[in-house]
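A short write-up of the structure that comes next.
Values in this text are rule-based calculations from the coordinates and carry no lab data. If you're wondering where the values come from, they're calculated on a predicted model, not measured in any experiment. Using ideal geometry, Cβ is built from the backbone for each residue, glycine included, and neighbour counts are taken over all protein chains shown.
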Amino acid sequence: MVTLAIVAVVLALAVPVYQGYSVRAYRTQAQADLLRCAQGMERHAALTMGYGNAVDLDGDGRGDQSTGPVSQNLCKVASTHYRLSVRSADAANFVLRAEASGATSPVAADGAMELDAAGERRWDRNDDGDFGDDGERRWGA
């Protein structure tokens, strides 16, 4: 009985710690994906003289839309828990966003992250739908 109680206490402490580490690892992977996709946007801009029409929606390998899900012509996304998209893009600027891939995702309440053409990193860490609160103008742990 004592052994069972000890195992229950250890599990009660270990599971939340493990889940916290997992969420941080998933967030770090999404941040790496955002940086990789920003490099893809820069390659696209070097070839076309702007960030617009970088998203390949028809699958032909060439960009044809300025917004939408990140496509293979920009970067390969490794994260399975975040959905990456180009939120806006024009000749001079772009905004990339990473959001939880669904309501049941382990990162569903972790808040969206963004990266723009100027390199500004935003994280809606309290998941309230905006980036205006203290500490949300940077990525953190």
Checklist entry - At a Förster radius of 30 Å, what calculated FRET efficiency corresponds to the Cβ-Cβ distance of residue 138 and residue 2, to the nearest 0.05? => result 0.05
Item to check | Approximate shape of segment 41-141 as ellipsoid semi-axes (Cα gyration tensor, √5λ), whole Å, largest first | outcome: 25, 17, 10
Checklist entry - Counting alpha carbon pairs within less than 8 Å and at least 6 residues apart, what relative contact order, in whole percent, applies to segment 2-123? => result 20 percent
Checklist entry - Roughly how tilted is helix 2-48, in degrees to the nearest 10 and between 0 and 90, from the longest Cα axis of the chain? => result 10 degrees
Checklist entry - Under a point-charge model restricted to the Cβ atoms of Lys and Arg (+1) and Asp and Glu (-1), what is the dipole moment magnitude of segment 1-92 relative to its Cα centre, in debye to the nearest 20? => result 380 debye
Next on the checklist: Give me the extension gain from residue 11 to residue 87: residue separation times 0.36 nm, minus the current Cα-Cα distance, reported in nm with one decimal.
Outcome noted: 23.3 nm
